[in-house]
Amino acid sequence: MSDVEYMLLALAQACLAAERGEVPVGAVLVGADGDILARDGNRTIELHDPTAHAEILVLRRAGKSIGNYRLSGSTLYVTIEPCVMCAGALVHARVSRLVYGAEDAKAGAVVSCYNVGRDGRLNHTLDVEAGVLADECSRILKDFFRRRRKK
């Protein structure tokens, strides 16, 4: 599968999150062999857990699945640029590659506000591909918040 195809799967998870009333962020973690290790969307409200971002949930699920917290060789596809917490978790998990859709000018920790995982001071660096299906990823967030403000 291509980056676009995996991002479409992440977008599907974001749509499911929106249906649950969560901020529509979706993530898919793919192993070095191309197999999907985990997929999920935000669940902070549902789980009453501020750490239940889509990225964290897929890292947890994949780690349990393979029996190791180190996810070397994996690629994370996520619909928005990760926050500081999520970017830090990607570094600790040794995710090899990050592919994200929309930039997050207010909280993005990979390019927009910080360079977590790319500044060379940590013990692991991320290969980053930004902007895959950026318009679609941005639109789902904008539509969600537009509907929420109307309520």
What are the residues whose amide H is under 5 Å from the amide H of SER112, where those residues sit 5 or more places off or on another chain and H is modelled from the backbone? ASP104
For region 55-151, what D do you get in µm² per second when you plug the Kirkwood radius from alpha-carbon pairs into Stokes-Einstein at 25 °C and 0.890 mPa s? 176 µm²/s
Scattering profile of region 1-69 from the Debye formula, Cα beads only, expressed as log10 I(q)/I(0) at q = 0.11, 0.24, 0.27 Å⁻¹, is -0.25, -1.00, -1.13
So what is the accessible area of the chain per residue, in Å², with the probe set to 1.4 Å? 51 Å²
What ranking, highest mean first, results for peptides 124-130, 69-75 when packing means the other Cβ atoms within 10 Å averaged over each residue? 69-75, 124-130
In what sequence, highest mean first, do 44-50, 101-107 appear when ranked by Cβ atoms within 10 angstrom? 101-107, 44-50
Ratio of alpha-carbon Rg to the 2.2 N^0.38 Å globular estimate for region 14-112, to two decimals, please. 0.99
Angle between the Cα long axis of helix 134-150 and the longest principal axis of the chain, 0 to 90 degrees, nearest 10? 40 degrees
Computed label-point distance, nm, for sites ASP3 and ASN123 using a 7 Å Cα→Cβ extension: 2.9 nm
per DSSP, antiparallel bridges as share of beta bridges in region 1-113, % nearest 5, sits at 65 percent
Roughly what would the spin-label model give for ARG20 and GLU46, points 7 Å off Cα along C-beta, in nm? 0.2 nm
Quick one: which residues, 5 or more positions from ARG94 or on another chain, have an amide H under 5 Å from its amide H? H modelled 1.01 Å from N in the peptide plane, none for Pro or chain starts. LEU71
Using alpha-carbon positions, what is the distance between the centroids of region 1-67 and region 116-151, in Å? 13 Å
Describe numerically, in nm with one decimal, the distance between label points set 7 Å from Cα along Cα→Cβ at GLU136 and at ARG148. 2.3 nm
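The values are calculated or read from the model by the stated rules, or taken from the named source; none is laboratory data. These figures come from a predicted structure and were not determined experimentally. Glycine gets a Cβ as well: all are built from the backbone with ideal geometry, and neighbour counts include every protein chain shown. Calculation scope for accessible area: heavy atoms of the full protein, side chains included, ligands and nucleic acids excluded. Shrake-Rupley method; radii C 1.70, N 1.55, O 1.52, S 1.80 Å.
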